[in-house]
Amino acid sequence: VFLGNGPSGICLSYLLSGHIPYFKRDSIHPHPILQRKLEEAPDVSILDQDLEYLSEGLEGRSDSPVALLFDTLQRPDTDFCGTAESVLTWWHETDRAIPHLVLGKNAPGGAWHSIEGSMFTLSKGEWMGLPDLPFKDWLKQKRRGLRNNRATAEDIAQYYQHYVMKKGLQKNFSCGTVVTSVRKVSAENVSKHAQEDLQEHSDLRWNFDEESTQVFQVDGFFRTEKGDKEPFSVYAENVVLATGTYDSPTWLGVKGENLSYVHHQLSALEEAVKNNNIGIMSDPVLIVGAGLTAADAILFAHHCNVPVVHVFRRQVSDPGLIFNQLPKMMYPEYHKVHQMMKEQSAACAGPYECYVSLPEHHVLSFGNDKKCILQDKNGYQKAYKISMALVLTGSNPNLSFLPNNGIDLAVDSDQPVHPKRNPIDVDPFTYECTQQKGLYALGPLAGDNFVRFVQGGALAVASSLLKK
């Protein structure tokens, strides 16, 4: 059972549906050592080879050796702006398929359906593609091209849905489901009735290994067309956590943050503009944060002539600020926001109307009268009358369905799971949790935060499950 139907879950479903990658004969990989290794066993699938041996010595933009391996097999020289074709060929070996069920709240594509459709991806469009169906080829069928090599969130969400249909994976997907609990139970306690019920309601074969003494019980509910909640329980020897990190926006933890005008998602601003609740004559919108979501909110407000007060803790020149790491040519809109942050501070008026930048400030409180108290680095406080506040300082995974919120599975088991600071501790070549056998973690939960690299985790899980 997979929890999460985003790109990680879709890619793993493709692999477990019997789609097996092999090294394409006569293809040449630009990495000579990897080429030599691939030529050693051309008749053995990549899934059946030693992933640690194949990935040894590879370097790139991920800390995961298997992520780098699968990425370079699919896009051999993409980091050097090359266009070399994939060195993989795919065979459909139905006898090697592993029965599985993919549970997700949204349609296939996961959180991509929750992102405003016109927003452009940070990554190149070609890096958003999944195995054996290049994103560019799909976009050509729509007679569309990529702007600055980037795609919109709407394109990506549609592509993932199309991928599931095109590859015949939809029978494995159960959308509109919410998982409330995952726990280990004795296999003997899984009643005969439950087994029969599962087989009756599924085309899949649910046969537990006779040696299994414990299995996972996954409880939850799915929403009917009438909006009712219908409970379910399924049992599995292996569970894959691929729920991403989009579920729980980060809160500041200040007084008044729970007031109705304080929001934690960009969609609240879009909704307010759409309903004409705010506009050019409104009090400013307070935007808190200095990441890409905050930048998207600023761009949206700027486009709609909505005044903005922008608060963030860092200096504008801080090298850790994401804007200082992005090439200007490829990301002109984010460069524009960075320019606004630099040139339009409260102390010094700049060329941008309806926008004020307050670097090295933080929020002290939100009042019932829509007044927000801010404090600068010297302790000086100032009140702003605002129309609404958007706290866009990141998000955290929601692992409330796991015992102790999954904290026991993290690298530091005293701290909550965080995709960058404290991911789930997994074996780098199987992605199985070191603290719980049979439980796997993929994507941001395991520290892989880009679509191009989450696929390596899926390769590792598939390889591990096929060898069990």
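The values are calculated or read from the model by the stated rules, or taken from the named source; none is laboratory data. This one's a predicted model, so the numbers in the text were calculated from it and none came from an experiment. We place every Cβ from the backbone using ideal geometry, glycine too, and count neighbours over all the protein chains shown. Protein only, heavy atoms only, side chains kept; ligands, DNA and RNA dropped before computing areas. Shrake-Rupley method; radii C 1.70, N 1.55, O 1.52, S 1.80 Å.
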Worksheet item: What do you get for Rg/Rh over the range 251-393 if you use C-alpha atoms and the Kirkwood form of Rh?
Response: 0.94
Worksheet item: In terms of the ratio Rg/(2.2 N^0.38 Å) built on C-alpha atoms, what value belongs to the range 350-468?
Response: 1.57
Fill in: Ranked order, W91, W138 - accessible area, probe 1.4 Å, largest first
W91, W138
Worksheet item: Which sequence of R96, R421 reflects their accessible areas, 1.4 Å probe, from the largest down?
Response: R421, R96
Response to the item:
Here the net charge surrounding S181, from other residues whose Cβ is less than 15 Å away from its Cβ (Lys, Arg +1; Asp, Glu -1), is +2
Practice prompt. As a check on your grasp of the helix formula, calculate [θ] at 222 nm for the chain: sum -39500 (n - 2.57) over DSSP H runs of n ≥ 4, divide by the residue count, round to the nearest 500.
Written response: -7000 deg cm²/dmol
Worksheet entry | Neighbourhood net charge (13 Å Cβ-Cβ; Lys/Arg +1, Asp/Glu -1) for P307 | -1
Discussion item. Just to make sure I understand: if all protein chains stay in place, what is the order of E353, E225, E271 by accessible area at 1.4 Å, largest first?
Written reply: E225, E353, E271
Discussion item. From the phi angles alone, apply the Karplus equation (6.51, -1.76, 1.60; θ = phi - 60°) to the range 436-444 and give each ³J(HN,Hα) in whole Hz, x where the residue is Gly or Pro.
Written reply: 8, 5, x, 10, 10, 10, 10, x, x
Item to complete: Please list, in chain and number order, the residues 5+ apart from H263 or on another chain whose amide H is under 5 Å from its amide H, with Hs placed from the backbone.
Response: A389, L390, V391
Fill in: Fraction of antiparallel bridges per DSSP, the chain only, in percent to nearest 5
60
Discussion item. Given all pairs of different Cα atoms, what value in angstroms does the Kirkwood hydrodynamic radius of the range 27-90 take?
Written reply: 12.0
Discussion item. Averaged across orientations, what area in nm² does the convex hull of the alpha carbons in the chain project?
Written reply: 24.9
Discussion item. Could you tell me the center-to-center distance, by alpha carbons, between the range 401-463 and the range 277-342 in angstrom?
Written reply: 32
Practice prompt. Between beta-carbons, use under 15 Å as the cut-off and find the net charge around D425, counting Lys and Arg +1, Asp and Glu -1.
Written response: -4
